[in-house]
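Notes follow once the structure below has been shown.
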Amino acid sequence: MDLNSSQMVTSERQTFYCVPVPGESAWVKEAYLSVSQARVSPSTSYTPSRHKRSYEEDEDMELHPSKQKEQHMGNIDDIHGCGEPKRLETEASAGHQLISPNCSPPLDLNFPLPGEKGPACLVKVYERWDSFKVNDTLEVYGILSVDPVLSIVNNEERENASPLNPMECMDTVEEQRVHSPPASLVPRIHVILAQKLQHINPLLPACLNEEESKSFVSSFMMELSPLRAELLGFLTHALVGDSLAAEYLILHLISTVYARRDVLPLGKFTVNLSGCPRNSIFTEHIYRIIQQLVPASYRLQMTIENMNCSRFIPHKDYTANRLVSGVLQLASNTSLVIDETLLEQGQLDATGVHNVTALGNLITWQKVDYDFSYHQMEFPCNINVLITSEGRSLLPSDCQVHLQPQIIPPNMEEYMNSLLKAVLPSMLNKFRIYLSLLRLLDYSISDEVTKAVEEDFVEMRKNDPESITADDLHRTLLVARFLSLSAGQTTLSRERWLRAKQLEALRKARLQQQKCVNGNEL
């Protein structure tokens with residue numbers, strides 16, 4: 001160690017509490033696990049001072065005093081999914097928390113989604129930490145520390161703090177408990193290199209701007225047209241033969257917020273798929289299909305109980321001095337499927353109304369207002385929302401598509417299972433690359449096409465001034481944008497504009513037909 005180095009300067013270290021990407025799909029975890037050859041080996045520079053128990057025995061005693069509970073052991077993912085053999089797997093949800101001996105109440109690992117598995121980590125960053133924001137997805141390389149002595153040291157520091165100098169230990173008991181959990185339960189990572197990720201799809205290069213990545217993208221774009229046709233056929237079968245709904249589902253899955261104008265997020269494309277069978281397993285199967293296609297997703301069952309009892313909005317716990325996560329604390333480009341077909345008659349309490357309002361704000365403004373008790377703070381997000389409902393959704397949406405099944409399978413379970421089995425794994429991987437890649441492409445409209453679109457809109461207004469509004473123009477431009485990108489075109493052509501108008505006309509005709517059948521539908 002060179003103590004006279006010019007790089008020996010006083011600096012700050014920041015600690016982040018990190019969890020695995022909420023709702024990360026099983027195929028993403030498996031892909032990262034398969035390419036990771038990492039193996040744990042003991043440090044050669046550290047000799048533990050205690051020899052009474054092995055590390056794994058120490059874990060067992062810390063988590064389950066007197067071995068009263070069954071121990072959960074197995075492979076887990078690190079922050080970005082790379083496997084480490086034989087480390088503790090933890091589970092946490094609103095009602096399931098693990099116990100640490102140094103704290104009287106159970107330790108909440110603070111996962112945003114209920115039932116999530118995986119390690120929580122304290123990530124200690126030594127440089128450029130101010131560029132990382134809440135809900136960023138990070139890839140981290142560093143030194144893993146799971147030394148149980150860390151917890152003992154923290155407690156001893158607290159116990160030995162001088163009563164004459166309260167400044168020596170300003171933390172409350174609750175704050176100390178949450179900020180210094182047992183290292184066996186929440187490992188520490190001392191970061192050597194950390195970077196924000198554009199995406200978490202393991203089938204794509206991490207950064208698309210590098211030369212090697214450009215060749216990957218260009219070769220993939222060569223087979224885009226037949227691939228889109230295959231995906232359209234696959235989703236048409238998933239949506240029981242409805243090809244129009246399948247078209248809109250593709251556009252929805254590649255949509256992303258590409259810019260913000262004041263408070264308006266541009267590029268969001270929330271789709272309300274109405275006409276779904278009530279209280280059936282149809283939405284569950286559609287969600288299973290989406291899970292197989294996107295890197296991260298979550299199905300929110302919109303029942304009265306869930307609305308009234310779930311914690312959607314993250315809030316600040318001033319006693320523990322930490323942010324307590326909520327269901328809507330999700331990473332960018334997560335697919336959120338809201339199942340409204342389960343909604344029954346009932347009364348929403350204050351929490352339920354607050355949660356429904358939060359969903360509406362997420363859909364309309366792509367933001368979540370975190371609750372800091374004395375004030376609210378806006379956190380922008382980029383979450384794809386698909387709403388399935390019987391009639392028109394209670395929630396706002398950018399586009400309502402009414403489902404018209406062309407096939408009535410006698411057994412929906414068997415039908416959907418056979419559909420997934422029929423797709424080759426290689427083709428499924430191409431679908432996954434297709435949907436992730438198109439979200440990352442740039443897009444523009446030439447001045448010439450912009451002028452032609454404006455003239456076309458004026459003509460449409462002349463022919464039908466009442467039904468053609470500015471919202472219609474905005475939606476048709478969005479449809480045209482995603483249609484172009486879905487065909488691998490990064491600029492709008494006259495052909496795609498006409499196709500977008502055609503799709504919108506078909507969609508509106510369906511809604512009008514449904515309105516005639518059932519007057520209160522719209």
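General observations
- With 0.36 nm allotted per residue and the present C-alpha distance subtracted, the Cys309-Val173 stretch has 46.2 nm of extension available.
- Ranked packing of 326-334, 195-203, most packed first, by mean Cβ within 10 Å: 326-334, 195-203
- Rounded to the nearest 20, the Cβ-based charge dipole of region 233-361 about its Cα centre (Lys and Arg +1, Asp and Glu -1) stands at 440 debye.
- Overall form of region 192-345 per C-alpha gyration tensor (a/c, 1.5; a/b vs b/c): oblate
- Using heavy atoms of the protein chains and a probe of 1.4 Å, the accessible area assigned to Ser436 is about 10 Å².
- Per-peptide packing, taken as the mean over residues of other Cβ atoms within 10 Å, places 28-35, 360-367 in the sequence 360-367, 28-35 from highest down.
- Among the listed pairs Lys451/Lys501; Lys268/Lys367; Lys268/Lys316; Lys196/Lys268; Lys196/Lys430, a Cα-Cα separation exceeding 18 Å is found for Lys268/Lys316; Lys196/Lys268; Lys196/Lys430.
- Overall form of region 356-397 per C-alpha gyration tensor (a/c, 1.5; a/b vs b/c): prolate
- If you take the Cα centroid of region 375-448 and the Cα centroid of region 2-17, the two points sit 46 Å apart.
- Separation of region 450-514 from region 221-274 is 15 Å, based on Cα centroids.
- Look at the Cα gyration tensor of region 261-315: its axes a ≥ b ≥ c give a/c of at least 1.5 with a/b at or below b/c, and that counts as oblate.
The values are calculated or read from the model by the stated rules, or taken from the named source; none is laboratory data. Owing to the predicted nature of the structure, the values given are computational and were not obtained by experimental measurement. Counting neighbours? That spans all protein chains shown, and the Cβs are built from the backbone with ideal geometry, glycine included. Note: accessible area is taken over every heavy atom of the protein model, side chains too, but ligands, DNA and RNA are not part of it. Shrake-Rupley method; radii C 1.70, N 1.55, O 1.52, S 1.80 Å.
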